[in-house]
Amino acid sequence: MYRIIFDTDPGHDDILSIMTALAHNSELEPLSFVTVAGNQTLDKVTKNILKVEDYLEINIPVYKGLNRPLVKEPQPQPAAHGESGMDGPILPEPQRKVEELSGVDYYRKVLSGNEKVTIVALAPLTNLGYVLKEDPSLADNIEQIVLMGGALNGGNINKYAEFNIWHDPEAAKIVFDSGIKVVMAPLEVCYAGGILIKETVRFRHGGKASKLVNDLFDFYCRYAIDRGWDKTAVFDLIPVLYLLKPEVFVAEQGKVDVILDGEDTQGQTVFTKGEGNHIVLIDANREECMKIFFEAIDTLDKRLG
Ligand code: BDR
Ligand code: CA
């Protein structure tokens, strides 16, 4: 059983990842959600997770993390996720509230405890970078960080970088250099493990969970459809799929270095195979990935009646 903290900026794919984890509550135990500025402003992404908690009838503490990267200015991406950061589903204003403790104080507290946690990071690494910079000993209580971020061949935000790393490269560097075991799901494995546009049709006819997935894909898939692609990556889903079934992935061990500057290279992740505490996922069995995802949403449909 993995005890998990989600560090997240929901985000369509963040929610799809979280839903998949929720379906597997005998293998994964989500302790909390810590939000961070990324896809959209901190306030917007925090509101999104609260709305989804209400909709899915779950009650997991939400902590508000940092509202800006360590050095750079925040740079929301409305083209990818809309003005709300999660355009598509029309959900009521949240009833749930965030915890009083800040995300940073929560990390300080939970990482000073006795039990180790796995962090599933689906967003810029600002929160972790901040707390580890301030107190590197907090790393001792992190079993591993499984993150969506980075790229091996080409970026999605500049020539070489992936958005999550690019948004806060200083924080990412602190995390990768911390000595913690990091499993990185870069763009390439997300493309390999993506969903066919035609497969998304299955969510039109399911239950309550399927309806949310359908509404998320309605907006999320537009980017791929407008470009004539038959498939889209569901980026943040990959770390959860890896925790559930690592054998579905091809992984390599080594060391990842984060580049801090340069117009084309800021946020680039340079992977050197060999010795090191980093595992990089380089390929995925797409059918197996989708099987886990589809079954998870079916499970939630049944659970929500
Ligand atoms: C990453 O950036 C965000 O838009 C997604 O949620 C994902 O975490 C992909 O580059
Ligand atoms: Ca995300």
Charge dipole (debye, nearest 20) of the stretch 11-163; +1 at Cβ of Lys and Arg, -1 at Cβ of Asp and Glu: 420
Each residue of the stretch 273-282 in turn: what ³J(HN,Hα) in whole Hz from Karplus with 6.51, -1.76, 1.60 and θ = phi - 60°, glycine and Pro shown as x? 5, x, 5, x, 9, 10, 10, 10, 7, 10
Full extension from Lys291 to Val270: what is 0.36 nm times the residue separation minus their Cα-Cα distance, to one decimal in nm? 4.4 nm
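Once you charge only the Cβ atoms, +1 for Lys and Arg and -1 for Asp and Glu, what is the size of the charge dipole of the stretch 251-305 about its Cα centre, to the nearest 20 debye?
On the way: 6 positive and 12 negative charges, 65 e Å.
Charge dipole, the stretch 251-305, about its Cα centre: 320 debye, nearest 20.
Set the Förster distance to 25 Å, then compute FRET efficiency between Glu93 and Asp218 from the Cβ-Cβ distance, nearest 0.05. Mind dumping the intermediate values first?
Details: r = 21 Å, r/R0 = 0.84.
Taking R0 as 25 Å, the efficiency between Glu93 and Asp218 is 0.75.
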If I stretch the segment between Met1 and Leu304 completely, what's the gain in nm (0.36 nm per residue apart, minus their alpha carbon distance), one decimal? 106.8 nm
On the accessible surface of the chain, probed at 1.4 Å, how many percent belong to carbon and sulfur atoms? 49
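Averaged per residue, what accessible area in Å² does the stretch 123-172 show with a 1.4 Å probe, protein chains only?
Solvent-accessible surface per residue comes out at 31 Å².
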Magnitude of the Cβ-charge dipole of the stretch 2-304, K/R +1 and D/E -1, about the Cα centre, nearest 20 debye? 460
For the chain, whose charge dipole is built from +1 on Lys and Arg Cβ atoms and -1 on Asp and Glu Cβ atoms, the candidate among Leu128, Gly276, Leu91 with its Cα farthest towards the positive end is Leu91
Against the 2.2 N^0.38 Å rule of thumb, the C-alpha Rg of the chain sits at a ratio of 0.91
Looking only at aspartates and glutamates whose Cα falls under 13 Å of Lys198's and that sit 8 or more positions away or on another chain, we get Asp218, Asp230
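Normalising by the residue count of the chain, find the relative contact order in percent from Cα pairs under 8 Å and 6+ residues apart. Please report the intermediate quantities before stating the final value.
Working: 709 pairs, mean separation 60.6, N = 305.
Across the chain, relative contact order equals 20 percent.
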How far apart, in nm, are the 7 Å Cα→Cβ label points at Lys159 and Val250? 2.7
Give me the net charge of Phe235's neighbourhood, meaning all other residues with Cβ under 10 Å from the Cβ of Phe235; Lys, Arg count +1, Asp, Glu -1. -4
Note, ³J(HN,Hα) from phi for the stretch 146-157, Karplus 6.51, -1.76, 1.60, rounded to Hz, x at Gly and Pro: 10, 10, 8, x, x, 8, 9, 10, x, x, 10, 9
Which distance in nm do the two modelled labels at Tyr191 and Asn67 give, with both placed 7 Å along the Cα-to-Cβ direction? 3.7
Which of the peptides 71-80, 149-158, 104-113, 126-135 is most tightly packed, and how do the rest follow, going by the mean number of other Cβ atoms within 10 Å of each residue? 126-135, 149-158, 104-113, 71-80
With a 1.4 Å probe and all protein chains kept in place, how do Lys302, Lys44 rank by accessible area, largest first? Lys302, Lys44
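Mind ranking 164-174, 181-191 by how tightly packed they are, going by the mean number of other C-beta atoms within 10 angstrom, highest first? Write down the numbers at each step before the final one.
Numbers: 164-174: 27.2, 181-191: 23.6.
Most protected by this proxy first, the peptides run 164-174, 181-191.
The values are calculated or read from the model by the stated rules, or taken from the named source; none is laboratory data. Note that this is a predicted model, so its numbers are computed, not measured. Note that we place each Cβ from the backbone using ideal geometry, even for glycine, and neighbour counts take in every protein chain shown. With ligands, DNA and RNA removed, areas are computed over all heavy atoms of the protein, side chains included. Shrake-Rupley method; radii C 1.70, N 1.55, O 1.52, S 1.80 Å.
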